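These notes concern the structure reproduced below.
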Amino acid sequence: MSSEKREYIIVCPHCEHEMTDDEMHSARYAPGSDDADLWGIAPNEERVKIVCPSVMCRKPFYVQGGYVPTYATATNEEDL
């Protein structure tokens, strides 16, 4: 059985901590985390290991980015 959970933000699967923007920037420097741009893994569909930034948890987990493009169309450019 998979423990995968898809979110629009990174949520620790151990403690349910929701990462803040500041944590997204600093997570790459946490001991045990991959040196990866967490903002960049979504459009590049990369997979990285990070350590939960919550002081109550600090457990490692994996994050995989996913990118779903959306498009808008209109008969006139002004309508977009």
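The values are calculated or read from the model by the stated rules, or taken from the named source; none is laboratory data. Everything quoted here is computed from the prediction, not taken from an experiment. Quick reminder, even Gly has a Cβ in these numbers, built from the backbone with ideal geometry, and neighbours come from all protein chains shown. Areas reflect the complete protein model, heavy atoms only, side chains present, ligands, DNA and RNA absent. Shrake-Rupley method; radii C 1.70, N 1.55, O 1.52, S 1.80 Å.
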Starting from the Cα coordinates of the chain, work out the convex hull volume and express it per residue in Å³.
129
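Taking the solvent-accessible surface of protein heavy atoms with a 1.4 Å probe, what is the per residue accessible area of the chain in Å²?
For the chain, the solvent-accessible area averages 82 Å² per residue.
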Local electrostatic count at Glu46 - Lys and Arg +1, Asp and Glu -1, tallied over other residues with Cβ under 13 Å
-1
Charge tally for neighbours of Ala30 with beta carbon under 11 Å away, counting Lys, Arg as +1 and Asp, Glu as -1, is 0
Loop-only check: which GluC sites (Glu not before Pro) in region 2-80 are DSSP coil with at most 14 other Cβ within 10 angstrom?
Glu4, Glu7, Glu16, Glu45
How long is the gain from Asp21 to Ile9 if the chain were fully straight, where each residue apart is worth 0.36 nm and the alpha carbon distance is subtracted?
3.4 nm
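Could you work out [θ]222 nm for the chain from helices alone, using -39500 (n - 2.57) per DSSP H run of at least four and dividing by all its residues? Round to the nearest 500 deg cm²/dmol.
-2500 deg cm²/dmol
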If you roll a 1.4 Å probe over the chain with all protein chains in place, what percent of the accessible area is carbon or sulfur?
49
Using a cut-off of under 20 Å, list every residue of region 54-71 whose amide N is near the label point 7 Å from the Cα of Arg28 along the Cα-to-beta-carbon line.
54, 60-67
Relative contact order for the chain using alpha-carbon pairs under 8 Å, separation at least 6, rounded to a whole percent?
22
Highest mean first, what order results for 54-61, 32-39 on Cβ atoms within 10 Å?
32-39, 54-61
For region 64-70, in residue order, the Karplus 3J(HN,Hα) values (coefficients 6.51, -1.76, 1.60; θ = phi - 60°; whole Hz; Gly and Pro = x) are 10, x, x, 10, 10, x, 10
